[in-house]
1. Within 10 Å, at most 14 other Cβ atoms, and a DSSP state outside H, G, I, E, B define an exposed site. Report the longest part of the chain free of exposed GluC sites (Glu not before Pro).
2. Once phi is turned into θ = phi - 60°, what whole-Hz ³J(HN,Hα) does the Karplus curve with 6.51, -1.76 and 1.60 give for every residue of the stretch 100-109, x standing for Gly and Pro?
3. Pick from Ile15, Ile100, Ile81: which residue has the top mean-square fluctuation in a GNM of the chain where Cα pairs under 10 Å get a spring?
4. For Leu185, which sequence-distant residues (separation of 5 or more, or a different chain) have an amide H within less than 5 Å of its own amide H, given hydrogens modelled in the peptide plane?
5. Let me know the charge dipole size of the stretch 66-198 about its Cα centre in debye, to the nearest 20, where only the beta-carbon of Lys, Arg (+1) and Asp, Glu (-1) is charged.
6. Taking amide H positions as placed in the peptide plane 1.01 Å from N, state which residues far from Glu47 in sequence (5 or more) or on other chains have amide H under 5 Å from it.
7. Hey, quick one: spin label on Ala154, modelled 7 Å out along Cα-Cβ, who in the stretch 45-67 has an amide N within reach, i.e. under 17 Å?
8. Once whole DSSP H runs in the chain are found, which of them have Cα atoms spread over 15 Å or more along the helix axis and a mean Kyte-Doolittle score of at least 0.5?
Amino acid sequence: MLDRIFAPDRTPELIRGELLLRAARPSDYAEWRDVRLASHAFLKPFEPRWSEVDLSPAVFRERLRRNRREAEAGTEFSFFIFNRACGQHGLCGGLTLSNIRRRAAMHGNLGYWMNVDSAGKGIMTEAVHMLLPFAFNDLELRRLNAACLPDNTASRRVLEKNGFREEGFAEAYLQIDGIWRDHVLYGLTRDRYLKSRG
């Protein structure tokens, strides 16, 4: 019933082995809320500050509407990551390609989050690997940018295993848990990505 209030989503479904990447649906709300609540302490040091109000049905519905508008415009694509090993319905986390720019830029930003029970199992590394052909082949981007906290070794490993290179340091780059934090900047070019595929 709730699916009828949303326009079709241009976000593709990406499948490889046990992993499925797809856009969030209204029917995902309860599991998403449960996963985010269970992972709050785990995610708190790495994300902007949020509360239970941000997990309300109304906020989730507006998020889905925004996701569909952005996908239709080609400026952002948000995916949920599902794996049968990740719980009742398998929601493990999420990936977003945001701030997609065309013309002379042809780049976008990569961001992601993982639930506490799925961390450290290689799932995010594989999910990013699945997303790269969509970014570089389907969207024809020339590069992807990513940033992480200097002490977030797990996130740095995800990026480095997928060919991203450390490119710089940004002082007070993002507000994380209410504090402006420095970030390490990473990048992956389409040429380097294609070369790595042989």
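Derivation of every value follows stated rules applied to the coordinates shown; laboratory data play no part. These numbers were taken from a predicted model, which means no experiment stands behind them. Here the Cβ is made from the backbone with ideal geometry for all residues, glycine too, and neighbour counts use every protein chain on show.
1. That would be 19-139.
2. In residue order, the calculated couplings are 6, 10, 10, 6, 6, 8, 6, 9, x, 10 Hz.
3. Fluctuation is largest for Ile15.
4. Glu167, Gly168, Phe169, Ala170
5. The calculated dipole for the stretch 66-198 is roughly 460 debye.
6. Asp177
7. 45-48
8. Counting only whole DSSP H runs, the qualifying helices are 123-133.
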